[in-house]
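The values are calculated or read from the model by the stated rules, or taken from the named source; none is laboratory data. All figures in this text were calculated on a predicted structure; none of them were measured in a lab. Quick reminder, even Gly has a Cβ in these numbers, built from the backbone with ideal geometry, and neighbours come from all protein chains shown. Calculation scope for accessible area: heavy atoms of the full protein, side chains included, ligands and nucleic acids excluded. Shrake-Rupley method; radii C 1.70, N 1.55, O 1.52, S 1.80 Å.
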Amino acid sequence: MKHATITEATFMGDANLRPTRKRRGRPIHKILVSFSAAYFTGALVTDLVYWQMPDVLWERFSIWLIVAGLVMAGLATVAYAIDLAARRRIDRPAWPRAVGYALAVLLALINAFVHSRDGYTAVVPTGLMLSGLVVVVLLLTAAVSAALANRHRIGG
């Protein structure tokens, strides 16, 4: 049986022992916004299915998806406020996203009240149009934000 022995120990006195700061991924509010946009888009899809196949199940799916999207929007707003308060880096320009997202959430809230009515008229045509309008506003917001971000990145 062989034994290992340590003959010499070396300590590095000039070693940098400070923790290195890792680059963060996407801010949490952006992830939550993505979830709410997916829920609002799912509500549009279930509204379209309900329009073609008036089964109350699809209407219930729509209202649940809208409410889930609103809950995620609330969480995203809280996360965004925390990021602002902590002075974390937020992509510039942020105002088009904030205005567009606020408009989409307001329309989704109105849509939730429309969907809470009873019967086929709760979804068709008003709820269906509101669901479509929410998705269009989200798409336009994403397009404008991307265009402004590219322009800002280029320096124009």
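Things worth noting here:
- Taking one quarter of the surface of the convex hull spanned by the alpha-carbon atoms of the range 35-156 gives a direction-averaged projected area of 7.7 nm².
- Ordering K2, K30 by accessible surface, largest first, gives K2, K30; the 1.4 Å probe counts only protein heavy atoms, with every chain in place.
- With 0.36 nm allotted per residue and the present C-alpha distance subtracted, the L106-R153 stretch has 13.9 nm of extension available.
- FRET efficiency for V56 and F113, using Cβ-Cβ distance with R0 set to 25 Å, rounded to 0.05: 0.85
- In Hz, Karplus ³J(HN,Hα) per residue of the range 117-129 (6.51, -1.76, 1.60; θ = phi - 60°; x = Gly, Pro): 5, 9, x, 4, 6, 5, 10, 9, x, 5, x, 5, 5
- Converting phi to 3J(HN,Hα) with the Karplus coefficients 6.51, -1.76 and 1.60 and the offset θ = phi - 60°, the range 74-79 yields x, 5, 5, 5, 5, 5 Hz in sequence order, with x at every glycine or proline.
- Distance from the alpha carbon centroid of the range 48-89 to that of the range 110-128 works out to 16 angstrom.
- Cα-projected label distance for R26 with A38, points at 7 Å along beta-carbon direction, nm: 0.9
- Relative packing of 135-148, 100-113, which averages over residues the other C-beta atoms within 10 Å, highest first: 100-113, 135-148
- Hydrodynamic analysis of the range 46-85 uses the Kirkwood radius over alpha carbon pairs. Inserted into Stokes-Einstein at 10 °C and 1.306 mPa s, it gives a translational diffusion coefficient of 137 µm²/s.
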